[in-house]
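A short worksheet on the structure shown next.
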Amino acid sequence: MTNIETLQEKARSLQAQGQMAAAEKIHWEIVELNAAALGSWQFLSARAAGRKDYQAAAQAIQNYLKIDTLSAQAWQGLGINLMHTKQFTEALDAFKEAVTLQPGNPTNLLYLAAAAHQLNNIQLTTDCLSLALQQTPTASLEGLSDKAEPVLAAILRAAPTLLEDHIKKLTLVAGPLTGHLKGAHWRMHEKAAPAWAKPDQKPERFFLPNLPAQPWFDDKDIPWIKDIEAAYDDIKLEANAALPIASGRPYIGSHMAENPQWETLAGNQDWSAVHLYNGGKPDPEIVAKFPKTLKALEKLPLCRVGEDPIEIFFSLLAPGAHIVPHYGTSNGRLTVHMPITLEAGSCSLRAGDETRLMKAGKILAFDDSFDHEARNSGNSLRINLIFETWHPALTSKEQNQLSAMSEAYDAWFSGRSHRLEFLGLSLSAAAEADYYVIEAQKVANKTRSWAADGQAAHLLSQALEINPHHKKALSLMVDVAFGAGDNAKGLGYLRRLGALMPNHASIQYRLANVEEQIGDAQGTRTAYLRCLHADPTNMMSYLYAGYFFEQHAANSEDKNATLDIAAQLYSMGQDISNHLTNLHSGASANPETRRRSASADALLAKTTARLHADAVGKRGGCIKSALWPQNYLGTVPYRDPAQKPHVFYIPEIRPIRFMDRADMKWANTVEAAFDDIKSELMAVLDSDKPFGRPYLDANMHLGSAFDPIKGTMNWVALDLFRDGIANEEMLSKFPKTRAALKAAPLASFGDDPFEVFFSLLKPHQHIPPHFGLSNHGITVHLPMIVPENCKIRVDQEWRRWREGELIAFDDAFDHEAINESDQLRVVLIFEVWHPDLSKAEQNAIKRTFNARDMWLQSRRLPVCDNN
């Protein structure tokens with residue numbers, strides 16, 4: 001078992017025992033070793049969310065998504081946690097990605113609505129709510145919200161009112177509702193069913209309660225019936241000429257087959273239609289064949305969208321077919337049938353509780369909001385002309401108002417799926433494409449095959465025909481093509497995926513590797529840089545990108561500049577992990593990685609040596625032979641095996657564990673100021689104002705032993721100088737301390753000391769064994785507050801602090817400190833120059849450190865083209 005596998009097994013065992021806090025620590029160790037440990041990021045996110053640390057939960061999911069960006073569930077989880085932290089814009093983007101990846105999941109739409117609602121985007125809110133809940137009775141939402149996650153529960157509770165208010169505005173778009181329009185409303189998302197005038201009248205879409213409820217209408221109700229019947233012969237001639245038996249399209253689409261009511265008619269020719277107008281849009285080719293029919297209809301009070309009729313079509317019902325009982329959309333319209341061709345006495349239509357036989361050329365007008373059905377019991381095809389007119393009780397003004405209302409509602413209703421512009425296509429088309437991908441995965445799981453010529457691959461191709469930007473389909477097709485040995489096609493799919501996802505590190509990394517193998521330098525450069533800009537925390541990306549630049553330096557316009565880019569990339573990767581330059585010395589890495597690591601090691605060593613030599617010059621004394629262990633080829637020639645500074649090492653000066661007073665001529669002056677220094681310290685400690693910072697940043701990779709003091713106030717630094725920068729606000733409280741320290745030869749790289757601070761170690765805290773950065777300085781402790789049982793170890797020697805008595809040691813040796821008391825321990829810490837160093841050598845150290853710092857500060861990722 002590898003170390004990671006051992007840790008994973010340990011974490012699983014702890015979880016099984018319910019020891020979640022202990023398991024959490026193990027999972028943090030796992031992700032420090034392997035940032036691609038998806039299961040650990042999932043666990044850490046859930047743990048953080050469980051204690052309501054939603055920011056940490058979101059960060060864990062973001063780390064997960066760096067590896068698996070095609071997880072809709074992860075994007076949804078990210079959005080939820082961002083909602084809790086009130087980062088609503090970022091949450092909106094996360095939920096959009098979840099919808100893109102899983103458009104058929106209504107829950108993703110609900111979460112997108114939740115974020116849009118917080119951002120006051122009413123259009124997106126109502127579109128998403130309506131699409132998600134169109135098959136859900138509003139009355140059931142309260143029960144659903146009781147069981148839902150808090151963000152989801154909140155939007156489910158708000159949904160009925162949000163939708164009702166939005167749809168009500170659409171109803172009032174043409175003015176207040178009076179007369180027959182009083183109380184009219186769209187039934188979609190209604191909170192409760194209306195009080196029906198008659199139990200068998202239930203319009204499914206729009207209800208006008210003030211209209212008289214009657215199922216059938218005759219010539220005494222409709223004066224124009226005889227006029228249209230007079231045109232029967234002309235209409236029949238045009239129909240016979242233009243309507244071959246097989247010319248109709250199924251009236252009930254195949255997608256309705258899952259609805260038991262329509263399963264016998266869905267997707268077949270038993271009930272088909274030839275539309276002249278559908279949804280207010282003409283079919284020019286069909287319309288051209290029916291000039292006399294349309295002329296006969298043009299004077300009727302047809303329901304229209306703008307100038308065009310909403311629906312005119314020929315209904316073709318096969319012999320023996322039965323259109324099952326159903327309700328129409330609105331009681332504001334009449335559905336009118338003119339039978340054209342039928343077998344006498346064999347075709348009937350029922351509306352309400354009355355059934356009427358159809359007769360050729362004789363109008364049947366009825367309110368289809370009543371329960372109705374039709375039959376063809378004969379042996380030949382039945383053809384009816386069907387159109388819609390306004391209810392005869394409606395005035396012309398009311399008809400116009402209803403038209404305006406319908407146009408507004410239809411624009412909203414039909415536009416919902418298309419207004420999700422981030423999808424790049426309609427929601428229904430996106431969901432259809434995703435359906436094929438899901439089916440492909442089912443087939444592949446069943447057959448255990450992603451063969452390029454197999455059914456699963458065919459389904460993926462269908463998905464990509466509908467949605468060429470389907471990320472999951474493209475990702476799978478990349479593997480299918482490469483798996484089949486079709487590298488050209490695989491690269492094509494991978495390039496398409498890379499163009500769609502320029503900010504996804506792992507996809508860009510894979511693309512860069514392939515582009516590099518085939519020798520496309522520009523494609524390689526772009527992909528590597530996209531990868532690094534997307535995720536600047538992956539050591540391997542820096543290693544491989546740096547090697548690419550190094551290998552192409554000879555052919556570049558400026559070889560030295562390109563080599564410096566390579567060195568900078570290697571160095572930035574080494575900041576993430578020192579393993580970058582050590583991989584070549586072990587057997588665990590693959591040969592290509594070892595080769596690149598060796599090259600990185602050599603180039604960084606060369607670059608560091610050049611910077612050092614240029615900075616030190618000829619006046620550097622023993623500093624000319626100094627070296628930077630992190631970037632030194634071979635074994636570092638440490639004089640003492642217990643002394644291992646890992647940043648800068650001067651072999652020619654003495655290894656000093658604890659410094660003798662003979663080398664500390666300034667010590668008495670500093671110790672004499674003890675009372676003044678402590679007085680200034682106590683004034684700060686006793687004040688109500690907060691002070692100090694965690695000495696170790698939380699994001700440092702130091703191993704689990706440092707966890708109790710990393711990023712916590714268990715080890716606090718009260719800074720007077722930090723990294724050579726004065727803390728003037730704090731120094732103003734310590735004037736006597738500052739004056740006393742002027743007697744000491746403080747190490748610095750500029751005008752001010754590099755580091756002076758009070759170190760506060762809380763009771764029962766331990767600073768684990770570690771090595772310092774360099775041996776050019778001696779670390780000095782002036783103990784200020786020292787309870788019993790406090791001590792420090794340097795190499796093999798333990799010493800106890802005594803208030804007011806200096807301890808000076810070389811922290812390049814292995815050392816640790818411990819406070820085993822019940823009280824706070826405080827020491828003043830500063831650094832002085834090693835006594836063996838001359839002034840010229842001190843200046844040489846300053847020059848080499850500053851040169852190195854300037855180079856490190858100048859490192860930049862090259863500009864990336866994300867177009």
Selection from the range 500-548 of residues that are more than 17 Å from Ile67 (Cβ to Cβ) and basic (Lys, Arg): Arg525
Residue tally, condition open to solvent by less than 30 Å² (accessible area, probe 1.4 Å) and either over 25 Å from Val274 (Cβ atoms) or touching a helix residue (DSSP H, G or I) at 6+ places or on another chain (Cβ under 7 Å) (or both), over the range 223-242: 4
Unmet requirement for Gln842, which otherwise passes all of (1) assigned to a helix (DSSP H, G or I); (2) out of contact with any helix residue (DSSP H, G or I) (no Cβ under 8 Å at 6 or more places or on another chain); (3) open to solvent by less than 10 Å² (accessible area, probe 1.4 Å): (3)
Members of the range 177-187 that are in contact (Cβ under 8 Å) with a residue 24 or more places away in the chain, of a type outside the set (Gly, Ala, Ser) and surrounded by fewer than 16 Cβ atoms within 10 Å (Cβ to Cβ): Lys182
Residue pairs meeting the criteria (Cβ under 6 Å; at least 6 apart or on separate chains; first farther than 14 Å from Ala499 by Cβ, in the range 470-488; second outside any helix (DSSP H, G or I)): Lys472/Leu70; Val480/Trp450; Val480/Ala452; Ala484/Ala452
Close pairs (6 angstrom Cβ cut-off, 6 or more residues apart or separate chains): over 22 Å from Pro769 (Cα atoms) and part of a loop (DSSP other than H, G, I, E, B) in the range 618-642, of a type in the set (Val, Ile, Thr) and modelled with pLDDT of 90 or more anywhere: Ala626/Ile650
Odd one out for Glu190, checked against (1) at pLDDT 90 or above; (2) under 30 Å from Thr136 (Cα atoms); (3) surrounded by 17 or more Cβ atoms within 10 Å (Cβ to Cβ): (1)
Matching entry among Ser748, Ser732 (being free of Cβ contacts under 8 Å to residues at least 24 places away in the same chain, of a type outside the set (Lys, Arg) and out of contact with any strand residue (DSSP E or B) (no Cβ under 6 Å at 6 or more places or on another chain)): Ser732
Residue in the range 409-428 that is within 29 Å of Lys295 (Cα to Cα) and of a type outside the set (Phe, Trp, Tyr) present: yes
Near pairs, Cβ below 6 angstrom, 6+ apart or cross-chain, from the range 136-156 (closer than 16 Å to Ile80 by Cβ) to any residue that is assigned to a helix (DSSP H, G or I) and at pLDDT below 80: Ala153/Ser145; Leu156/Leu141; Leu156/Leu144; Leu156/Ser145
Among (1) open to solvent by 10 Å² or more (accessible area, probe 1.4 Å); (2) touching a Cys at 6+ places or on another chain (Cβ under 7 Å) - the single one Met854 does not satisfy: (2)
Residue, nearest to Leu773 (Cα to Cα), within the range 717-729, restricted to residues that are in contact (Cβ under 8 Å) with a residue 12 or more places away in the chain and open to solvent by 10 Å² or more (accessible area, probe 1.4 Å): Asp723
Members of the range 234-289 that are of a type in the set (Asp, Glu) and touching a residue at least 24 places away in the same chain (Cβ under 8 Å): Asp234, Glu238, Asp270
Within the range 127-151, tally of residues that are assigned to a helix (DSSP H, G or I) and crowded, with 16+ Cβ neighbours inside 10 Å: 12
In the range 281-317, the residues that are in a loop (DSSP other than H, G, I, E, B) and in contact with a helix residue (DSSP H, G or I) (Cβ under 9 Å, 6 or more places away or on another chain): Lys289, Phe290, Lys299, Leu300, Pro301, Cys303, Gly306, Ile310
Candidates Leu124, Leu119, Leu78, Leu65, filtered to the one that is under 24 Å from Trp412 (Cα atoms) and either crowded, with 17+ Cβ neighbours inside 10 Å or out of contact with any helix residue (DSSP H, G or I) (no Cβ under 6 Å at 6 or more places or on another chain) (or both): Leu124
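Scan the range 266-280 residue by residue and report those that are closer than 21 Å to Phe387 by Cβ and in a loop (DSSP other than H, G, I, E, B).
Gly279, Gly280 - these are the residues of the range 266-280 that are closer than 21 Å to Phe387 by Cβ and in a loop (DSSP other than H, G, I, E, B).
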Which listed residue is crowded, with 18+ Cβ neighbours inside 10 Å and charged (D, E, K, R), from Glu32, Glu24: Glu24
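Does His166 satisfy the criteria of being assigned to a loop (DSSP other than H, G, I, E, B) and in contact with a Ser or Thr (Cβ under 6 Å, 6 or more places away or on another chain)?
Considered against the rule, which asks whether it is assigned to a loop (DSSP other than H, G, I, E, B) and in contact with a Ser or Thr (Cβ under 6 Å, 6 or more places away or on another chain), His166 comes out as no.
For every residue, the table says whether it meets (1) among the hydrophobic types (A, V, I, L, M, F, W, C); (2) over 30 Å from Asn578 (Cβ atoms); (3) open to solvent by less than 40 Å² (accessible area, probe 1.4 Å); (4) touching a residue at least 24 places away in the same chain (Cβ under 8 Å).
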residue: Asp663; (1), (2), (3), (4): no, yes, no, yes
residue: Asn668; (1), (2), (3), (4): no, yes, no, no
residue: Ile677; (1), (2), (3), (4): yes, yes, yes, yes
residue: Asp686; (1), (2), (3), (4): no, yes, no, no
residue: Ser704; (1), (2), (3), (4): no, no, no, yes
residue: Asp707; (1), (2), (3), (4): no, no, no, yes
Odd one out for Glu97, checked against (1) touching a residue at least 40 places away in the same chain (Cβ under 8 Å); (2) assigned to a helix (DSSP H, G or I): (1)
Those helices (runs of 4 or more DSSP H) lying entirely in the range 1-65 with at least 3 residues out of contact with any Cys (no Cβ under 9 Å at 6 or more places or on another chain), of a type in the set (S, T, N, Q) and more than 22 Å from Thr85 (Cα to Cα): 3-16
Meets criteria (open to solvent by less than 30 Å² (accessible area, probe 1.4 Å), of a type outside the set (S, T, N, Q) and either at pLDDT 90 or above or under 27 Å from Ser679 (Cα atoms) (or both)) for Phe734: yes
Identity of the residue in the range 508-557, among the charged types (D, E, K, R) and open to solvent by less than 20 Å² (accessible area, probe 1.4 Å), that ends up modelled with the highest pLDDT: Glu515
Unique residue being in a helix (DSSP H, G or I) and farther than 24 Å from Ala451 by Cα when the list is Glu557, Glu516: Glu516
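The values are calculated or read from the model by the stated rules, or taken from the named source; none is laboratory data. Quick caveat, the model's predicted, so the values are computed rather than measured. Backbone-built Cβ (ideal geometry, glycine too); neighbour counts: all protein chains shown. The accessibility values were calculated without ligands, DNA or RNA, using every heavy atom of the protein model including side chains. Shrake-Rupley method; radii C 1.70, N 1.55, O 1.52, S 1.80 Å.
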